[in-house]
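Below is one structure, written out as structure tokens, with a few remarks after it.
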Amino acid sequence: GAGVSQSPSNKVTEKGKDVELRCDPISGHTALYWYRQSLGQGLEFLIYFQGNSAPDKSGLPSDRFSAERTGGSVSTLTIQRTQQEDSAVYLCASSLDLGVEAFFGQGTRLTVV
Amino acid sequence: GIQVEQSPPDLILQEGANSTLRCNFSDSVNNLQWFHQNPWGQLINLFYIPSGTKQNGRLSATTVATERYSLLYISSSQTTDSGVYFCASGRGETSGSRLTFGEGTQLTVNP
């Protein structure tokens, strides 16, 4: 696509439920990143994927968070047993290769009630 | 990991004024980007500038990699320039490919 596309734009979920957030990167981009931005906070790295290499999961805050990237394209970030502190905007980015200019999607605003 | 510091944290301008935003980073980098986060939360790419100087309309940026800082210049500011400006840097190697973001500069341009 023309840009990084994320869905849904907004998600309200009850505490304890699982949620899946989707990211469709720019066509041809081999690197895909997930970040989150909590209210009034900075941007926190979560995970990145590069081609067929093992992902760098070092930013995932707990084992309730997981992500996969199928076919080197679309990625899904899954949060299990959501907690109120998971409420944030989850941003996805992609780049042509690791370490070059990254482009961000519009984000998914997750609210856990 | 890389530390990124931005200054000032807040800036209030009258429309038409010029401003300079600064980004200091703690280590050598080969990826440096400036973003503008609009009121809807979207991060808009302004510059990819690991070194050198670039200009785009009223905005320009300079990165002095050897001294570990980057500057974003906004001239003749407009109310639509309001928002948060982020600097982000990374080393571009497998272990450092993540972008590390500064805390941002909140810019308000008043009419």
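If you take the accessible area of A alone plus B alone and subtract the pair, what total do you get in square angstrom, rounded to 100, with a 1.4 Å probe?
Numbers: alone 6070 and 6030 Å², together 10490 Å².
The contact between B and A buries close to 1600 Å².
With the convex hull built on the Cα atoms of chain A, state its orientation-averaged projected area in nm².
With every direction weighted equally, the projected area is 6.5 nm².
What FRET efficiency would be calculated for the residue pair A:Glu44, B:Glu5, taking the C-beta separation as r and a Förster radius of 22 Å, to the nearest 0.05?
Numbers: r = 16 Å, r/R0 = 0.75.
The formula returns an efficiency of 0.85 here.
Please compute the net charge surrounding A:Ser75, taking Lys and Arg as +1 and Asp and Glu as -1 over other residues with Cβ under 10 Å from its Cβ. Don't jump to the answer; show the numbers that get you there.
Numbers: positive: A:Arg22, A:Arg69; negative: A:Asp24, A:Glu68.
Charge balance in the 10 Å sphere: 0.
So what is the relative contact order for chain A, in percent, with contacts set as C-alpha pairs under 8 Å and at least six apart?
Relative contact order comes out at 38 percent.
May I ask you to compute the full-extension gain from A:Ser66 to A:Leu96, defined as 0.36 nm times their residue separation minus their alpha-carbon distance, rounded to one decimal in nm?
8.5 nm
How large are Rg and Dmax for the protein assembly as shown when calculated on the C-alpha trace, in angstrom?
In Å, with Rg to one decimal and Dmax whole: 17.4, 51.
Put simply, what bits of region A:64-113 lose 30 Å² or more of accessible area when the other protein chains are there, versus the chain on its own (1.4 Å probe)?
A:Leu98, A:Gly99, A:Glu101, A:Ala102, A:Phe104, A:Gln106
For A:Ser5, enumerate residues with amide H under 5 Å from its amide H, sequence gap 5+ or separate chain, H modeled in the peptide plane.
Here A:Asp24 satisfy the definition.
State log₁₀ I(q)/I(0) for region B:52-111 at q = 0.13, 0.27 Å⁻¹ as given by the Debye formula over alpha-carbon point scatterers of equal weight, solvent excluded.
Relative scattering, expressed as log10 I(q)/I(0), comes to -0.44, -1.21.
Say each of A:Thr78 and A:Ser7 gets a label point 7 Å from the Cα, pointing the same way as Cα to Cβ; how far apart are those two points in nm?
1.9
Between B:Leu46 and residues 5 or more places away or on another chain, which pairs have amide H atoms under 5 Å apart, with H built 1.01 Å from N, and which residues are they?
Under 5 Å from the amide H of B:Leu46 lie the amide H atoms of B:Trp34, B:Phe35, B:His36, each far enough along the sequence or on another chain.
Work out the length of the dipole vector of region A:29-110 about its Cα centre, built from +1 on the beta-carbon of each Lys and Arg and -1 on the beta-carbon of each Asp and Glu, and round it to the nearest 20 debye.
200
How large a share of the accessible area of the protein assembly as shown, in percent, is made up of carbon and sulfur atoms when the probe is 1.4 Å and the other protein chains stay in place?
46
What is the Å³ per residue value for the convex hull set by the Cα atoms of region B:1-83?
Dividing the Cα hull volume of region B:1-83 by its residue count gives 97 Å³.
Between B:Gln78 and B:Asn38, what length in nm is gained on full extension when 0.36 nm per residue of separation is reduced by their alpha carbon distance?
Numbers: separation 40, 0.36 × 40 = 14.40 nm, distance 1.35 nm.
Full-extension gain reported as 13.0 nm.
At 7 Å along the Cα-to-beta-carbon direction for both A:Glu85 and B:Glu67, put a label point, then send me their distance in nm to one decimal.
Label at A:Glu85, label at B:Glu67, 4.1 nm between them.
Residues of the protein assembly as shown: accessible area per residue at 1.4 Å, in Å²?
47
The values are calculated or read from the model by the stated rules, or taken from the named source; none is laboratory data. Fair warning: this is a prediction, and the values are worked out from it, not measured in the lab. Neighbour counts run over all protein chains shown; Cβ positions are idealised from the backbone, glycine included. Just the protein is used for accessible areas: all its heavy atoms, side chains included, with ligands, DNA and RNA removed. Shrake-Rupley method; radii C 1.70, N 1.55, O 1.52, S 1.80 Å.
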